[in-house]
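> This structure is in structure tokens; I'll ask about it shortly.
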Amino acid sequence: MTTKTSLGLLLLSALTLTACSNRLDTANTEAMIKADIERQGRRLSLREVRCPTDVTRQAGGFFRCVGELNPEGTFTINVTQQDAQGNVTWDVPNSKVLLNLVKVEESLQTGLAQALGRRALIDCGSVTYRANQPGDRFECQVVGGITDGSSVINSVLVRIDASGNLDWQEMRTSNTLAAAPAGASNPGAGVIQASPQTGQPANSATSPATGQASGAAVSTTTTGPTGRPINRPYVPGDDD
């Protein structure tokens with residue numbers, strides 16, 4: 001009887017150990033994500049990252065964590081297991097708390113392509129994340145510029161409105177500056193500072209074929225399901 005009991009306890013211990021060893025070390029995942037966001041962010045400090053504690057190791061397994069900024073504001077982090085050894089990849093969707101500038105760049109590229117009929121490479125700087133702060137603004141560069149009629153789009157100014165939504169405006173310069181003879185004055189050259197056309201739909205951005213003055217700045221705002229504006233058709237999962 002004693003032998004049977006001992007064997008039973010050994011078997012139970014082995015099963016428990018196996019079950020525990022098959023759990024993902026989410027504490028390590030939390031620490032890794034927190035450190036990476038702070039390292040890749042613009043003046044960001046995270047209070048903590050919280051992940052589920054009962055995640056089974058499984059290649060392709062998906063779960064969500066929650067990040068909390070210091071002093072306040074929470075955001076979603078999507079995590080996918082790459083294999084059964086605990087290696088993971090993670091992604092931060094845009095939200096009213098945190099902006100993923102890689103996704104902002106993609107949205108701007110799509111918006112310019114829809115407006116002008118050509119692709120452009122957008123660079124919003126070396127950081128990946130920044131806080132979504134109403135009233136804030138930042139500039140993203142159009143790599144190589146885009147010539148549109150008599151002007152060149154060299155950058156895009158992004159503004160954050162009072163509700164945390166994004167609005168972007170093309171910043172143009174006259175390309176007649178490059179064509180003027182050396183030393184010749186060109187009073188018409190310089191940055192075109194037209195006012196943004198607030199509330200204009202994403203597909204109404206100026207294109208060369210519209211006959212609209214090419215010097216007009218274009219402002220585009222499109223709001224996604226969570227209030228996060230996107231300058232392209234909404235893609236499920238972008239703000240999950």
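The values are calculated or read from the model by the stated rules, or taken from the named source; none is laboratory data. The shown structure was predicted, so the numbers you read here are calculated from the model rather than taken from an experiment. Here the Cβ is made from the backbone with ideal geometry for all residues, glycine too, and neighbour counts use every protein chain on show.
> When residue 117 is evaluated against the numbered criteria (1) buried (at least 19 other Cβ atoms within 10 Å of the Cβ); (2) in contact (Cβ under 8 Å) with a residue 60 or more places away in the chain, which criterion, by number, is the only one it fails?
(1)
> Another question, then. Please go through (1) polar (S, T, N, Q); (2) modelled with pLDDT of 95 or more; (3) within 30 Å of residue 25 (Cβ to Cβ); (4) surrounded by fewer than 19 Cβ atoms within 10 Å (Cβ to Cβ) for residue 70 and return the number of the only condition it doesn't satisfy.
So the condition that residue 70 fails would be (2).
> Right, next: Among the residues of segment 73-92, are any touching a strand residue (DSSP E or B) at 6+ places or on another chain (Cβ under 6 Å) and among the small types (Gly, Ala, Ser)?
No - not one qualifying residue is present in segment 73-92.
> Confirm whether residue 42 is at pLDDT 95 or above and either surrounded by 10 or more Cβ atoms within 10 Å (Cβ to Cβ) or over 30 Å from residue 134 (Cβ atoms) (or both).
Criteria not met by residue 42.
> In this structure, is residue 153 β-branched (Val, Ile, Thr), touching a residue at least 12 places away in the same chain (Cβ under 8 Å) and either under 23 Å from residue 98 (Cβ atoms) or outside the structural domain of residue 121 (by TED's automatic domain parsing) (or both)?
no
> Right, something else. Please find, among 126, 107, 95, the residue that is small (Gly, Ala, Ser), part of a helix (DSSP H, G or I) and either surrounded by fewer than 17 Cβ atoms within 10 Å (Cβ to Cβ) or under 13 Å from the mean Cα position of the chain (by Cα) (or both).
Among 126, 107, 95, only 107 is small (Gly, Ala, Ser), part of a helix (DSSP H, G or I) and either surrounded by fewer than 17 Cβ atoms within 10 Å (Cβ to Cβ) or under 13 Å from the mean Cα position of the chain (by Cα) (or both).
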